[in-house]
Amino acid sequence: EARRAGRNHIEVCTAELIAVADETLAIGKDLRKALDEKGLRVCYQPLVDLTHGSVVGFEALVRWSHPVHGHVSPARFVPVAEEFGLISELGRMVLSTASAQIQQWSSTFGIPLTAHVNVSGVDLANPGFVTMVEECLATSGLPTSQLVLEVTEAAVEPQVETARARFDGLHDIGVRVALDDFGTGRSALSYLQTLAVDILKVDRSYLDDVDESKADDLLRGVIGLGQALGMEVYGEGIEDEEQRTRLRRNGCDIGQGYLFERPLPAEDAAVYLRQQAAPASYALPFG
Ligand code: C2E
Ligand code: MG
Ligand code: MG
Ligand code: MG
């Protein structure tokens, strides 16, 4: 009886694995099609000055509305793109779209906005990556000083030497680097201090999952670590005033989150920028 239950269990697991593998294959095929048919979009989430609420830049986030399944999270399809050899094409699309868009807004609104673009560990490993970035910027006209490339701690860990070379190459052309989801990986101080990282983005678990009584100490610790290493520290996943205040009080000046804006389609981001540029017009009671 026990043995039969055991075998059934194995059969169930195998069936589940096959189902996941099938789904992954289907996503990979549909993604190939979406790339060909321009079915992917880029949304823009404002990065704001936490004191004044004014916009300093935008993080570009890729969006996919699947013809049958609807919204598919990038947390699901980006790893599939990596597995299917589609990630460099996806990455190039996001980078060229975002840098052209941010350059256009910067000139229209007269603010030197910063474009934050996420980079996969697979792209980081590509020796031609820096040249590709340079070409995208030349085409869009966005100054290299207005681009920040975000790489997760997890993408750096298995390839520290490669990351070092790539970050140095990006610095040589004037592009900055941010370490994303910081504090979730196992970054050792020994390598962190040798990498050309400009910005740490503290993972939102530091705002969300921590014991109230320890929240300030933990934040002060992680922000202090970044600052001691000469980096700027940004907050992400800021959902309420209390989290905004807590970040500010512990030395973090810039961040993003639903408290300010969700990732916006380009048209909505333009409306948001227009409001930012003329705040007085809606402060007037009878305006
Ligand atoms: P990330 O780079 O850490 O991006 C921040 C994520 O947090 C985004 O999820 C954003 O929508 C979400 N977020 C923003 N504010 C809040 C908030 O206040 N509360 C909560 N709960 N979430 C918030 P999204 O867009 O689903 O992206 C997930 C991850 O997928 C990104 O995490 C990034 O690692 C990856 N990703 C997204 N776009 C791209 C891309 O173009 N290229 C690559 N390689 N990865 C991407
Ligand atoms: Mg990011
Ligand atoms: Mg992040
Ligand atoms: Mg994340």
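The values are calculated or read from the model by the stated rules, or taken from the named source; none is laboratory data. A quick note: this is a predicted structure, and the numbers were derived from the prediction, not measured. So basically every Cβ, Gly included, is an ideal-geometry build from the backbone, and we count neighbours across all protein chains shown. Surface accessibility is based on the protein's heavy atoms, side chains included, excluding ligands, DNA and RNA. Shrake-Rupley method; radii C 1.70, N 1.55, O 1.52, S 1.80 Å.
Within this structure, LEU142 passes the test of being buried (at least 21 other Cβ atoms within 10 Å of the Cβ) and over 18 Å from the mean Cα position of the chain (by Cα). Of the residues making up region 110-123, those that are more than 16 Å from ligand 4 (Cβ to nearest atom) and open to solvent by less than 60 Å² (accessible area, probe 1.4 Å) are ILE111, LEU113, THR114, ALA115, ASP123. Against the condition under 25 Å from GLN101 (Cα atoms) and part of a helix (DSSP H, G or I), how does GLU242 come out, does it pass? Judged against the criteria, GLU242 is not a match.
Are any of the residues in region 159-177 within 16 Å of ligand 2 (Cβ to nearest atom), touching an Asp or Glu at 6+ places or on another chain (Cβ under 6 Å) and under 21 Å from ASN126 (Cα atoms)? Scanning region 159-177 turns up at least one residue that is within 16 Å of ligand 2 (Cβ to nearest atom), touching an Asp or Glu at 6+ places or on another chain (Cβ under 6 Å) and under 21 Å from ASN126 (Cα atoms).
Of the set (1) in contact (Cβ under 8 Å) with a residue 24 or more places away in the chain; (2) within 16 Å of ligand 4 (Cβ to nearest atom); (3) surrounded by fewer than 18 Cβ atoms within 10 Å (Cβ to Cβ); (4) within 20 Å of ALA154 (Cα to Cα), all apply to LEU229 but (2). The set of residues from region 232-263 being in contact with a Cys (Cβ under 8 Å, 6 or more places away or on another chain) and crowded, with 22+ Cβ neighbours inside 10 Å comprises VAL233, TYR234, GLY235. If you go through region 186-207 and keep only what is more than 16 Å from ligand 2 (Cβ to nearest atom) and in a helix (DSSP H, G or I), you end up with LEU189, SER190, TYR191, LEU192. Considering region 44-69, and only residues there that are in a strand (DSSP E or B) and open to solvent by 20 Å² or more (accessible area, probe 1.4 Å), the residue that is farthest from VAL148 (Cα to Cα) turns out to be SER65.
Among the residues of region 124-133, the ones that are surrounded by fewer than 19 Cβ atoms within 10 Å (Cβ to Cβ), in a helix (DSSP H, G or I) and not aliphatic (A, V, I, L, M) come to 1 in all.
Scanning region 187-213 for residues that are within 16 Å of ligand 4 (Cβ to nearest atom) and surrounded by fewer than 19 Cβ atoms within 10 Å (Cβ to Cβ) yields a total of 3.
Within the set ALA100, ALA115, ALA75, the sole residue that is among the hydrophobic types (A, V, I, L, M, F, W, C), farther than 24 Å from GLU232 by Cα and within 16 Å of the chain's Cα centre (by Cα) turns out to be ALA75.
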